[in-house]
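Beneath this line is the structure, given in structure tokens, with notes to follow.
The values are calculated or read from the model by the stated rules, or taken from the named source; none is laboratory data. Note that the structure is a prediction, hence the values are computed from the model and not measured. Reconstructed Cβ throughout: ideal geometry from the backbone, glycine too, with neighbour counts over all protein chains shown.
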Amino acid sequence: MDPLEILGSKSRLQILRILSRRDMYVSEIMDTVRMDGKTCKHHLDCLERSGLVSSRMEGRRKYYSLKKEVRLHISPSPDRRYELQFTDKS
């Protein structure tokens, strides 16, 4: 999936924002972004496939954490270009 497609979803951006604060399990993410389980899992799968988030099991709970830092640089005229960069979190 194209990086802009990944970040073009308001729901995925909300998930990335909350995961930038701390690791969370699926039910916490669902409650925080007010999303049903199937939709939330779909967005988390997209983010995980893209390498932006990772998951781990702790008991019966699956926790997600932000794996990459996301930076977007947009240049004004006359360049009119953008750069989207994913880098490993330090």
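Given the conditions (1) part of a helix (DSSP H, G or I); (2) surrounded by 12 or more Cβ atoms within 10 Å (Cβ to Cβ), and given that Glu5 satisfies all but one, which numbered condition is not satisfied?
Looking at each condition in turn, Glu5 falls short on (2).
Restricting attention to the range 8-18, which residues are surrounded by fewer than 12 Cβ atoms within 10 Å (Cβ to Cβ) and among the basic types (Lys, Arg)?
Lys10 - this is the single residue of the range 8-18 that is surrounded by fewer than 12 Cβ atoms within 10 Å (Cβ to Cβ) and among the basic types (Lys, Arg).
Between residues in the range 51-74 that are part of a strand (DSSP E or B) and residues that are loosely packed, with under 13 Cβ neighbours inside 10 Å and of a type outside the set (Phe, Trp, Tyr), which pairs lie under 6 Å by C-beta distance while being six or more apart or on different chains?
Tyr63/Arg56; Leu66/Ser20; Glu69/Thr87; Glu69/Lys89; Arg71/Gln85; His73/Glu83
Every residue, every condition in (1) at pLDDT below 90; (2) not in a strand (DSSP E or B), yes or no:
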| site | (1), (2) |
| --- | --- |
| Cys46 | no, yes |
| Pro78 | yes, yes |
| Phe86 | yes, no |
| Ser90 | yes, yes |
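Ser65: under 23 Å from Asp2 (Cα atoms), in contact with a Ser or Thr (Cβ under 9 Å, 6 or more places away or on another chain) and modelled with pLDDT of 85 or more, yes or no?
So Ser65 passes the test.
In the range 19-44, which residue that is of a type in the set (Asp, Glu) and outside any loop (DSSP other than H, G, I, E, B) is surrounded by the fewest Cβ atoms within 10 Å (Cβ to Cβ)?
Only one residue tops the list, namely Asp31.
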